[in-house]
1. Hey, can you tell me all the residues within the range A:186-236 that are assigned to a strand (DSSP E or B) and out of contact with any strand residue (DSSP E or B) (no Cβ under 9 Å at 6 or more places or on another chain)?
2. Out of all the residues in the range B:1-55, which are modelled with pLDDT of 95 or more and in a strand (DSSP E or B)?
3. Please work out which one of (1) assigned to a helix (DSSP H, G or I); (2) β-branched (Val, Ile, Thr); (3) more than 9 Å from chain A (Cβ to nearest Cβ) is the condition B:Ile98 fails and give its number.
4. Mind listing whichever residues of the range A:209-224 are over 21 Å from the mean Cα position of the chain (by Cα) and over 28 Å from B:Asp53 (Cβ atoms)?
5. Take the residues in the range A:206-261 that are facing chain B (nearest Cβ under 8 Å) and small (Gly, Ala, Ser), then tell me which one is farthest from A:Arg185 (Cα to Cα).
6. Could you list, in sequence order, the residues of the range B:120-140 that are surrounded by fewer than 23 Cβ atoms within 10 Å (Cβ to Cβ) and over 22 Å from B:Asp77 (Cβ atoms)?
7. State yes or no: is B:Leu81 within 14 Å of chain A (Cβ to nearest Cβ), closer than 20 Å to A:Ala48 by Cβ and over 18 Å from the mean Cα position of the chain (by Cα)?
8. Residues A:Ile178, A:Ile247: which one is more than 18 Å from the chain's Cα centre (by Cα), modelled with pLDDT of 95 or more, farther than 21 Å from B:Asn254 by Cβ and of a type in the set (Val, Ile, Thr)?
Protein chains: 2
Amino acid sequence: MPKRPLILVTNDDGITAPGIRTLISVMNKIGDVVVVAPDGPQSGMGHAITVNDTLYLEKVDIDGKQPEYSCSGTPADCVKLAVREILDRRPDICVSGINHGSNSSINVIYSGTMSAALEAGIEGIPAIGFSLLDYNWNANFEHCKTYVETVTRQALKHGMAKGVVLNVNLPNIEEKEIKGIKVCRQARANWEEEFDKRTNPMGREYYWLAGKFVNMDNGEDTDEWALENGYVSVVPVQFDMTAHREIQNLNTWNLNGKDAN
Amino acid sequence: MPKRPLILVTNDDGITAPGIRTLISVMNKIGDVVVVAPDGPQSGMGHAITVNDTLYLEKVDIDGKQPEYSCSGTPADCVKLAVREILDRRPDICVSGINHGSNSSINVIYSGTMSAALEAGIEGIPAIGFSLLDYNWNANFEHCKTYVETVTRQALKHGMAKGVVLNVNLPNIEEKEIKGIKVCRQARANWEEEFDKRTNPMGREYYWLAGKFVNMDNGEDTDEWALENGYVSVVPVQFDMTAHREIQNLNTWNLNGKDAN
């Protein structure tokens, strides 16, 4: 029998979040699990790393089932520390989540969950970020389990192309309403921010970031379409951010001519 | 004569950093400048946004030349606040930097400077991030000026393709040694982290993130090659992170079969 895979589990909602506890329970069916996750919520951190501050790492015991480490840093820090300081061999896969809230379309760029997966991918480790479209701490993750297991087992079986990680989002609907898993592209969407301006007790004005999500993409091959239509979306995500098609166009600019300025 | 362009200037080193002051001085030659920048250093923040905390915004006067606002949030927050709360019309371009330190190759993903440019790009505003390969606060930015002006003027003249922003890095060499501007792709590179483990005065262990940059890419069309060979690098960067070429491959996985698990 082949050796059980070594699975690194992390997230951005913190090590005690119900989403990561669900992810751990699924991963224990598949392989040997080590958890390295932030000691508190890190949402909206994007691909932050801790360069000007100290990092603390504590071995913790939450359910007695697998080695777990709580870290004062970001999700990307957790992956770096796991690979360099904790694990005695490279993990076969890194899974991040299950995030409490969507990381579909443009959210991928703000996502701590996906930054952990990307960091693992940069290290050459196959990686998947999982997110449920429910922001509640007490969200129900039961219906996610079978889909999380399928995507993870398939990723372990097929391996992952160099430079690519997976962004998996799960709709917040009854399990029997889920139509299946759909491979998608990132929808073109953005947030139309509104700032809620208030005055603090000392009379100083401040803002809260608010706003609504706007999908500007009518394609039926997008993650937004899939999620709205009852599918689990799987988007292959790359960290080569070069817009290769634009290189030829930029070479027509007068960047080196005498009259450039 | 056409109206002078409205230019939004931001950065991630903070509003008083020499890099942004240089950028402002160049932009004043080109158009009407408004500065909205963090009140302190934000390096390594990635594409962070402030979702669980308040945001403060102060009108400040640093050199009496242009309207300036100091913000308690991240570079991405600055762009959002500028567009929604400060500017009375959309800026013609957003420039971010000049960063004290490289944002070439994989650094783009950790970069606050580039997160501001990407945020502007998501808003449909042409945007450029500028970085100098010198981490020192007192770096010499003089030789950057002519190249920053050229790229900005050309971007204003030609416009920017939808979904694309520019990542411009400047080598830390004498102006007369610079060979010109080169359009590039992002080099395949990463950081080989080492953690410096120490013990604090209370006896608790902590870590500092350290490590060295490793370029694994031999291509002569990369930003790393350009910078090592005396060129200013310009990489078109996109925020559609989909690895489109992988979609077909993923569709061969058994994601919806009965024996998937």
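1. Within the range A:186-236, the subset assigned to a strand (DSSP E or B) is A:189-199, A:205-215, A:222, A:231-236.
Passing the criteria: none in range.
2. Scanning the range B:1-55 gives B:Leu6, B:Ile7, B:Leu8, B:Val9, B:Thr10, B:Asp32, B:Val33, B:Val34, B:Val35, B:Val36, B:Ala37, B:Pro38.
3. (1)
4. Residues satisfying the conditions are A:Met216, A:Asp217, A:Asn218, A:Gly219, A:Glu220.
5. Here the residue is A:Ala260.
6. B:Leu133, B:Asp134, B:Tyr135, B:Asn136, B:Trp137, B:Asn138, B:Ala139, B:Asn140, listed by residue number.
7. It is false that B:Leu81 is within 14 Å of chain A (Cβ to nearest Cβ), closer than 20 Å to A:Ala48 by Cβ and over 18 Å from the mean Cα position of the chain (by Cα).
8. Going through A:Ile178, A:Ile247 in turn, just one is more than 18 Å from the chain's Cα centre (by Cα), modelled with pLDDT of 95 or more, farther than 21 Å from B:Asn254 by Cβ and of a type in the set (Val, Ile, Thr): A:Ile247.
The values are calculated or read from the model by the stated rules, or taken from the named source; none is laboratory data. Source: prediction; values computed, not measured. Because the Cβ atoms are built from the backbone with ideal geometry, glycine has one as well, and the counts that use them run over all protein chains shown.
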